[in-house]
Amino acid sequence: MNGQGDNKVILKVVIPAAGLGTRLFPATKEQPKEMLPIFYSTANGDMAVKPVVQVVFEQLYDAGLREFCYVVGRGKRGIEDHFTPDAHCIRTLEGMGKNGQASDLENFYEKLDTSTSMWVNQPEPKGFGNAVLMAQPFIQNESCLVHAGDSFIISKDMDYLKRLLAAFERFKADAAFLVLEIDNPKQYGIVEGNEVEPGIIKVKSVVEKPEKPKTHWAIMAMYVFRPVIFKALESTKPGKNGEIQLTDAIQKLVEDGLKVYAVKLDKSYAHLDIGSPERYWEALDLSHQQFCRSSKI
C-alpha cells in the first residue's frame, strides 16, 4: 500500500472525531480532543507538534487512501478549520525564516488537495457507533475503513493495516479489526474467540468496557466493515451513558452468524491513545521517544 492504486479492498475512510472529551477537560472544553498535539519529526529532523487527527489522516493517506469522511461534534470547527489549506500561513512562516515548518505545512496541504474530504456534523454526542452510522451516505454500499481520530499506531510502513486488509479479504470477513494485549483492559472493547491461525482470531464475542474482562485482548480503534454494519447500527440500542456503541453493533454481527475476525498486534507496536489524561501523558512520552529514535538523539 505505497500508492493510491495498491489498495484494492477499501477506498473510503470514516474518521469519527465528535466525542466531548470530558476526561480531558478543561483542555477540550473549546477544542476537539483530536486536535491535541503530539511530538513528531519534520522532514529536516526538527522536533515539532502536530494534532493527533492530522497524524491519522497522513498515515492513511500515505497508505494510499484518498476518500475521507470526518464526523465532528457540534460547535467545534477546529478540525475542519485546520484541514482547510491556508496559503497565507505558509507565506507568513517563510517570511519569518521558518522554512521547515512552512514546508511541512505545505506537504500537509498538498495531501488535502489530492484527496476528498466530507464533513458530517453529529449534533449530539450519541456515541462512536452513531458517528459511524452518520457516515452511511458517504459510504453508500461499499466496504469502508473506520479509524478513530484520537488514537493511532506508530509504524514505519503501516504493515498492520496491510495485515488487517489482507485478513478482511482472505477470510471474506464482514468485519475485521485490530486487537492488542493490554494489562488493564477495562477501558476498551474486549474480544473473546478462537485463534484460527497465528495472529488471527475468529471472534465469538465483543464487550464494551466490561467490569470483569474475560481476556486482555483490547480492540484498537481501526476497523474494516462490509455495508452490513450500518444495518446492525440501525438496530443497536443505546448502552452506557445513552450512547450507541460500535462494539455492540459488532456483537450483533457475531450473533447473526456473520464473519468477524480480529488481527493481533504484538508488543512491538506502539499504540498512542489520548482518551484520558493518563493515556495522553503516555502518548506524549511515546511520541517523544519515537522522535528521539528517528533523530538518533
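Quick note: the coordinates plus some simple rules give every number you see, no bench work behind them. Keep in mind that this is a model prediction, so the values were computed, not measured. So basically every Cβ, Gly included, is an ideal-geometry build from the backbone, and we count neighbours across all protein chains shown.
Numbers for the structure displayed
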quantity	calculated
Residue-averaged 222 nm ellipticity for the chain, from DSSP H runs of 4+ at -39500 (n - 2.57), nearest 500	-9500 deg cm²/dmol
Taking TRP217, TRP119, TRP281 and counting other C-beta atoms within 10 Å, the order from fewest to most	TRP281, TRP119, TRP217
Residues whose placed amide H lies under 5 Å from that of LEU178, excluding near-sequence neighbours	MET220, MET222, VAL263
Inter-probe distance in nm under a simple model that places probes 7 Å from Cα toward Cβ, at ALA87 and SER235	5.2
Likely footprinting exposure, THR247, THR42, THR114, fewest C-beta neighbours within 10 Å first	THR114, THR42, THR247
Calculated P(r) tail over 22 Å for segment 20-119, as whole % of Cα pairs	34
Packing-based exposure ordering (other Cβ within 10 Å, fewest first) of GLU142, GLU243	GLU142, GLU243
Distance (nanometres) between label positions extended 7 Å along Cα→Cβ at LYS204 and SER155	2.7
Average Cα contact separation per residue, segment 4-295, under 8 Å, 6 or more apart, as relative contact order %	23
Cα extents of segment 229-297 along the three principal axes, largest first (Å)	52, 28, 17
Relative contact order of segment 1-97, defined on C-alpha pairs under 8 angstrom at six or more residues apart (%)	37
Distance cut-off 35 Å, percentage of C-alpha pairs in the chain lying past it	15
